Structure formats: C-alpha cells, structure tokens
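Notes for the one structure printed next.
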Amino acid sequence: FYSSAFAWSFTDYGPTYSAFAEGLDGGFQADAAEAPSKPLPVLYSRDLEATLEAVENAGGTVVKPIFAFPGGRRFHFADPAGNEMAVWSE
C-alpha cells in the first residue's frame, strides 16, 4: 500500500516488521501485541487532493475527508490493515 500511495521503499526484518527510510526513519509493527498504542502519524503533502486520490487508488479508505484546521488542511485515512494516518497541507 505505502509503496503505491507514497512511492516508499521498505526493508523487511522478519515476518512482522518492515522499516522505511524516506527522509524520516520509521517502521510499521504488524504484531498488535508488540504495538498496543495507536499514535496518529501525520504526513505532509504539497498537493493534498492528489495524495488523497493516490491513497484511495492504492486501497486506502478515507476516514475523514479533507477539512480545514489551524495551520492548513488535512484528511485522515486507514490503510488496508486498518492503521489510521493523516495527511496535511498548508
């Protein structure tokens, strides 16, 4: 999903963990027992509408459509595994 929606590349470290390094290092833990809390990662986009379309085309589900907030606009989405993230723009 993230490769299609955001053109990220990943390195797999075992069956439940994949890491990425796209100007910001991080990773996704697929084992719920290892990652019980749910932070809301927020990504930046220069073109919010195009990013929303890319997320939907890659199989993501928009949870909150584009809305204004102090500092810009954003939308929230769930990836195919159910993880919620947001994308914002000025």
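The values are calculated or read from the model by the stated rules, or taken from the named source; none is laboratory data. These figures come from a predicted structure and were not determined experimentally. Don't worry about glycine lacking a Cβ; one is built from the backbone with ideal geometry, like all the others, and counts go over all protein chains shown.
Structural remarks
- For residue 4, the criteria (1) modelled with pLDDT of 90 or more; (2) touching a Ser or Thr at 6+ places or on another chain (Cβ under 9 Å); (3) polar (S, T, N, Q) hold in every case but one, which is (2).
- In the range 20-68, of all residues being assigned to a strand (DSSP E or B), at pLDDT below 75 and of a type in the set (Gly, Ala, Ser), the one that is surrounded by the fewest Cβ atoms within 10 Å (Cβ to Cβ) corresponds to 26.
- Boolean, residue 14 is small (Gly, Ala, Ser), outside any strand (DSSP E or B), modelled with pLDDT of 90 or more and surrounded by fewer than 13 Cβ atoms within 10 Å (Cβ to Cβ): no
- Close pairs from the range 71-90: first closer than 21 Å to residue 59 by Cβ and among the β-branched types (Val, Ile, Thr), partner at pLDDT below 90 and in a strand (DSSP E or B), Cβ under 7 Å, at least 6 apart: 87/43
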